[in-house]
1. Determine which member of the set F84, F51, F47 is closer than 23 Å to V13 by Cβ, at pLDDT 95 or above and loosely packed, with under 13 Cβ neighbours inside 10 Å.
2. Condition check: assigned to a helix (DSSP H, G or I), without any contact (Cβ under 8 Å) to a residue 60 or more places away in the chain and under 30 Å from F133 (Cβ atoms). Does V23 satisfy that?
3. Whether any residue in segment 116-133 is in contact with a His (Cβ under 8 Å, 6 or more places away or on another chain) and over 21 Å from T60 (Cβ atoms) is what I want to check.
4. Only one of these conditions is not met by Q64: (1) closer than 27 Å to V124 by Cα; (2) out of contact with any Asp or Glu (no Cβ under 9 Å at 6 or more places or on another chain); (3) touching a residue at least 24 places away in the same chain (Cβ under 8 Å); (4) surrounded by 13 or more Cβ atoms within 10 Å (Cβ to Cβ). Which number is it?
5. For segment 36-134, which helices (runs of 4 or more DSSP H) that fit wholly inside it have 3 or more residues that are among the small types (G, A, S) and in contact with a Gly (Cβ under 6 Å, 6 or more places away or on another chain)?
6. Being exposed (fewer than 11 other Cβ atoms within 10 Å of the Cβ) and modelled with pLDDT under 90 is the filter here, so list the residues in segment 93-113 that pass it.
7. Quick one: which of L70, L48, L56 is within 23 Å of L118 (Cα to Cα) and touching a Phe, Trp or Tyr at 6+ places or on another chain (Cβ under 7 Å)?
8. Can you tell me which residue among V124, V57 is in contact with a Leu (Cβ under 8 Å, 6 or more places away or on another chain), surrounded by 15 or more Cβ atoms within 10 Å (Cβ to Cβ), at pLDDT below 95 and not acidic (D, E)?
Amino acid sequence: MFEFLEKRKVWLVYVPLVIYWLVLFTATTIPVERLPSVGFSDKINHFLAYFILAILVNLTLIYQRRSRFLFKKAQIATIVICLFYGAVDELHQLLVPGRFAETWDWVADALGAFAGVLLIYFLVNRLKYRLEFD
């Protein structure tokens, strides 16, 4: 699975990350009364959004070959990136009518990011994928 993704990383990891991040930013810029209801708790939405973001960021850092540091510290870097973006996004929402910055939303973002990183860690180990920096 990881070899398949690595060979097609641009179209299956990098491009989806950029598109997903743009959609995520756009969704948090729309006033809340204009958003369709998806039937889940707000915190579950945050968890799932950052779960997916963390998976894509983590895979990007694993597959990139420009920074050995980011490759070796992909899990920690992913969590830092997601936590930082989650905090900035919560502050950004203060500028959007009908939206608020909530600490518990950021906590849900953080839990989603941790879960995404843990999933990739588990799969890498379970599938015995060798992570090597060329």
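The values are calculated or read from the model by the stated rules, or taken from the named source; none is laboratory data. None of the values given here were measured: they were computed from a predicted structure. All Cβ positions, glycine included, derive from the backbone under ideal geometry; neighbour counts span all protein chains shown.
1. Exactly one residue qualifies, and that residue is F84.
2. Considered against the rule, which asks whether it is assigned to a helix (DSSP H, G or I), without any contact (Cβ under 8 Å) to a residue 60 or more places away in the chain and under 30 Å from F133 (Cβ atoms), V23 comes out as no.
3. Looking for residues that are in contact with a His (Cβ under 8 Å, 6 or more places away or on another chain) and over 21 Å from T60 (Cβ atoms), one finds none in segment 116-133, hence no.
4. Failed condition: (3).
5. Because the criterion is at least 3 residues that are among the small types (G, A, S) and in contact with a Gly (Cβ under 6 Å, 6 or more places away or on another chain), no helices (runs of 4 or more DSSP H) in segment 36-134 meet it.
6. P97, F100
7. L56 is the lone residue from the list that is within 23 Å of L118 (Cα to Cα) and touching a Phe, Trp or Tyr at 6+ places or on another chain (Cβ under 7 Å).
8. Working: V57 fails: at pLDDT below 95.
Of V124, V57, the one residue that is in contact with a Leu (Cβ under 8 Å, 6 or more places away or on another chain), surrounded by 15 or more Cβ atoms within 10 Å (Cβ to Cβ), at pLDDT below 95 and not acidic (D, E) is V124.
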